[in-house]
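Participant: Mind having a look at this structure? Questions to follow.
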Amino acid sequence: MKKITILFMMVCSLIVFPGILQGQASIKEVTLNERAIQDPMKSWTITFSQPINKGTFKKQNFLIKDDKKRQVKAKLSLSKDERKVTITPESPYKKEVTYYLYVKGNVKSGSNQFLNEHTVLPFKIGTASKESKSSNEKTVTNAKQPTSSSGKTSSSGSNSKPSSNSKYSTSSKTPEKNLVKVQTKKHSHFDEISVQVSDYVTKVKAGSDEFEYKGNNLFVLYKPGLKSGEKITVKGYSMSGKVLETKEVVIP
Amino acid sequence: MKKLKGIGVAFILLLSILMPALNQSVSAAAAPRIDHTSPAANEQNVPIDTDIRIYFNSDIRGISSQYIKLFEKSNGTYYDFPIKTVKKDGEALHILPEKSLGFNKEYMVQFNGPAVDLQNGTYNQHLSYTFQTNYIDFYELMVVNEGRLMNMLDTYAPRQIKAFAPKRYINEISVIHKKTGSLKGDQASFNGITNIDINTKSEDVASVHVDIMKNDNILQKGYASKVTGTKASKNQFTFDIGFSNIPDFYDVRVTVLNNAQQTIDSKIIKFAAEDGKAITSFKESYKYKTAGNGYTFHELLSKESLFSDLLSESLMQDIKVQVEDR
């Protein structure tokens, strides 16, 4: 009779608290933008703003799967400060196959706080220029900042600094090259100056003239009255109004 | 001889009596007619701010406006286009519509009765002629096909070519973005939250749509909802929308729509969360000098700052060009 009562209580507790079985499986999954890689043996480094709980440093929490949901054999390593996890495939990635890097929400910080979601980063061998060609190692920031690392592709792949306020790091190093490309084009009644910028530049000006934002990090200014050989100083500003980079262009 | 003289005097007297009468009958023979119209019948690229004028061959004494009609063609059918007032100005009849003409439309001016009393009689003929307000893209003329502009300048003087800046409706866009994570070290982490406020003019605005974009992909989208009650301002609307889990670097595309679900204004702004800050807020206000106005090419060429303002305040693709016939 006592056994039946205990069994009944267990069943009841499972009905009332289904989360006991679900655990972290019920948390949300966030899929980041797909990345194109060039190195078929590319390793990924996940940087956290706090040391992670060593108990959660395991292959179930950091893994790579192919498009048929088969797990790719990979090695894990943890940095000395226990904030960086590197996952390296044991065999090369295949072309035309999309792979998925998973960082499970089961990962805990040293102070036992769970990640609040599963993070999935799809990637594929391709020719996109989002990747740093010189870097074999890429930092993936946790959580929902999929583009933050694309802004620093020209600097480094693994030196993201944790935000002082965020629990987990968001890659925030401003790239050295913020005015990525400045071009001029002459039309019969005005000149066209277009500036491709990094993620960090939110405003571009030439003197008092503000460039029009066209989307996708492209700013354009149509300016009448410029003379051939005239020098124009173009400034890229951050969201807080700080000048991130200045460039001089000569009107053709 | 005396008799002959008498006949001659009588003939001269008769002539002096009859001549004025003959003159009058000559002038009465010039029946009331239309000298010309502006815009001319079948004109194609009539500016939307054009004056509709009909010139007669005599001064206008009175108008019976009930016989004067203006129609706008839509989907093959002419619909009444309300007239605000009809005025006389010497020999010209001036028709003022209640609202501005629209782009890419056909209009028909019609008299269907004794519409105008002239000094030389009543104009009582049926009149019907059409003109169109088609436009040429400023972008096409200035960037894509500069040869077309040269051809145009062969036909029209710069004072006859008019560029119209689009009306703008967005007054302000503000973004408050909280990154994923806790605000303080001892707090539990939670998802990123983003609030976007859009302040618009109230005229013509029905709804506002927001796209959160990255690398030309739409990450999230939705219609912003209108803020009502005490927070609403006079002659302005405020719309707001919230998103969660969006990245720290993205584009916000705001599209303003009218009742017919047509886009009447749009704006793309770039957002980048600030380094080391959990919450980044950003506000951009817009003031336009040229919005909704038309400028002749002569004005634009003679005032460089005006040309500069026109180019910086409007997308070139949204500026429309029309020509005025002389």
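Participant: Identify the single condition in (1) touching an Asp or Glu at 6+ places or on another chain (Cβ under 8 Å); (2) not in a helix (DSSP H, G or I) that B:Ala163 does not satisfy, given that it satisfies every other one.
Facilitator: With respect to (1) touching an Asp or Glu at 6+ places or on another chain (Cβ under 8 Å); (2) not in a helix (DSSP H, G or I), B:Ala163 is out only on (1).
Participant: Assess whether B:Arg148 counts as being closer than 23 Å to B:Asn42 by Cβ and in a helix (DSSP H, G or I).
Facilitator: Taking the combined requirement at face value, the residue satisfies it.
Participant: Something else: Could you list, in sequence order, the residues of region B:142-201 that are β-branched (Val, Ile, Thr) and either in contact with a Ser or Thr (Cβ under 9 Å, 6 or more places away or on another chain) or at pLDDT 90 or above (or both)?
Facilitator: Answer for region B:142-201, where residues must be β-branched (Val, Ile, Thr) and either in contact with a Ser or Thr (Cβ under 9 Å, 6 or more places away or on another chain) or at pLDDT 90 or above (or both): B:Ile161, B:Ile170, B:Ile173, B:Val175, B:Ile176, B:Thr180, B:Ile193, B:Thr194, B:Ile196, B:Ile198, B:Thr200.
Participant: Would you mind finding the one in A:Lys42, A:Lys73, A:Lys54 that is loosely packed, with under 13 Cβ neighbours inside 10 Å and under 16 Å from A:Val97 (Cβ atoms)?
Facilitator: The unique qualifying residue is A:Lys73.
Residues checked against (1) assigned by TED's automatic domain parsing to the domain that holds B:Tyr223; (2) more than 16 Å from A:Asp199 (Cα to Cα); (3) part of a strand (DSSP E or B):
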| residue | (1), (2), (3) |
| --- | --- |
| B:Pro247 | yes, no, no |
| B:Tyr250 | yes, no, yes |
| B:Val254 | yes, yes, yes |
| B:Ala260 | yes, yes, no |
| B:Asp265 | yes, yes, yes |
| B:Ile269 | yes, no, yes |
| B:Glu274 | yes, no, no |
| B:Lys277 | yes, yes, no |
| B:Ser281 | yes, yes, yes |
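Participant: Looking at the structure I just gave you, is B:Lys221 without any contact (Cβ under 8 Å) to a residue 12 or more places away in the chain and more than 11 Å from chain A (Cβ to nearest Cβ)?
Facilitator: Judged against the criteria, B:Lys221 is not a match.
Participant: For region A:57-70, how many residues meet the condition of being surrounded by 14 or more Cβ atoms within 10 Å (Cβ to Cβ) and out of contact with any Pro (no Cβ under 7 Å at 6 or more places or on another chain)?
Facilitator: Here the count works out to 6.
Participant: Hey, another quick one. Could you figure out which of (1) surrounded by fewer than 16 Cβ atoms within 10 Å (Cβ to Cβ); (2) modelled with pLDDT under 95 isn't true of A:Tyr200?
Facilitator: Evaluating A:Tyr200 over (1) surrounded by fewer than 16 Cβ atoms within 10 Å (Cβ to Cβ); (2) modelled with pLDDT under 95 leaves (1) as the failure.
Participant: Kindly indicate whether B:Asp35 is surrounded by fewer than 15 Cβ atoms within 10 Å (Cβ to Cβ), out of contact with any Leu (no Cβ under 7 Å at 6 or more places or on another chain) and at pLDDT below 90.
Facilitator: Against the criterion (surrounded by fewer than 15 Cβ atoms within 10 Å (Cβ to Cβ), out of contact with any Leu (no Cβ under 7 Å at 6 or more places or on another chain) and at pLDDT below 90), B:Asp35 does not qualify.
Participant: OK, next. Pairs only if they're at least six apart or on different chains, beta carbon under 9 angstrom, first in region A:223-252 and assigned to a strand (DSSP E or B), second surrounded by fewer than 11 Cβ atoms within 10 Å (Cβ to Cβ) and of a type in the set (A, V, I, L, M); list them, first residue then second.
Facilitator: A:Lys231/A:Val250; A:Ile232/A:Val250
Participant: Being more than 17 Å from the chain's Cα centre (by Cα), surrounded by fewer than 20 Cβ atoms within 10 Å (Cβ to Cβ) and acidic (Asp, Glu): is that true of B:Glu299 here?
Facilitator: yes
Participant: Another question about this same structure. Check A:Glu210 against each of (1) within 16 Å of A:Phe190 (Cβ to Cβ); (2) charged (D, E, K, R); (3) touching a residue at least 12 places away in the same chain (Cβ under 8 Å) and name the one condition it does not meet.
Facilitator: Tallying (1) within 16 Å of A:Phe190 (Cβ to Cβ); (2) charged (D, E, K, R); (3) touching a residue at least 12 places away in the same chain (Cβ under 8 Å), A:Glu210 fails exactly one: (3).
Participant: Return a yes/no flag: does region B:253-267 have any residue that is within 7 Å of chain A (Cβ to nearest Cβ), among the hydroxyl-bearing types (Ser, Thr, Tyr) and in contact (Cβ under 8 Å) with a residue 40 or more places away in the chain.
Facilitator: Looking for residues that are within 7 Å of chain A (Cβ to nearest Cβ), among the hydroxyl-bearing types (Ser, Thr, Tyr) and in contact (Cβ under 8 Å) with a residue 40 or more places away in the chain, one finds none in region B:253-267, hence no.
Participant: Return yes when A:Gln71 is assigned by TED's automatic domain parsing to the domain that holds A:Pro40, over 21 Å from the mean Cα position of the chain (by Cα) and without any contact (Cβ under 8 Å) to a residue 24 or more places away in the chain and no when it is not.
Facilitator: So A:Gln71 passes the test.
Participant: Taking the options A:Phe219, A:Phe190, name whichever one is closer than 22 Å to B:Glu146 by Cα, within 11 Å of chain B (Cβ to nearest Cβ) and crowded, with 16+ Cβ neighbours inside 10 Å.
Facilitator: The conditions single out A:Phe190.
Participant: Surrounded by fewer than 16 Cβ atoms within 10 Å (Cβ to Cβ), within 30 Å of B:Met152 (Cβ to Cβ) and free of Cβ contacts under 8 Å to residues at least 24 places away in the same chain: is that true of B:Gly102 in this structure?
Facilitator: For B:Gly102, the condition - surrounded by fewer than 16 Cβ atoms within 10 Å (Cβ to Cβ), within 30 Å of B:Met152 (Cβ to Cβ) and free of Cβ contacts under 8 Å to residues at least 24 places away in the same chain - is not met.
The values are calculated or read from the model by the stated rules, or taken from the named source; none is laboratory data. Values in this document were obtained by computation on a predicted structure and should not be read as measured data. So basically every Cβ, Gly included, is an ideal-geometry build from the backbone, and we count neighbours across all protein chains shown.
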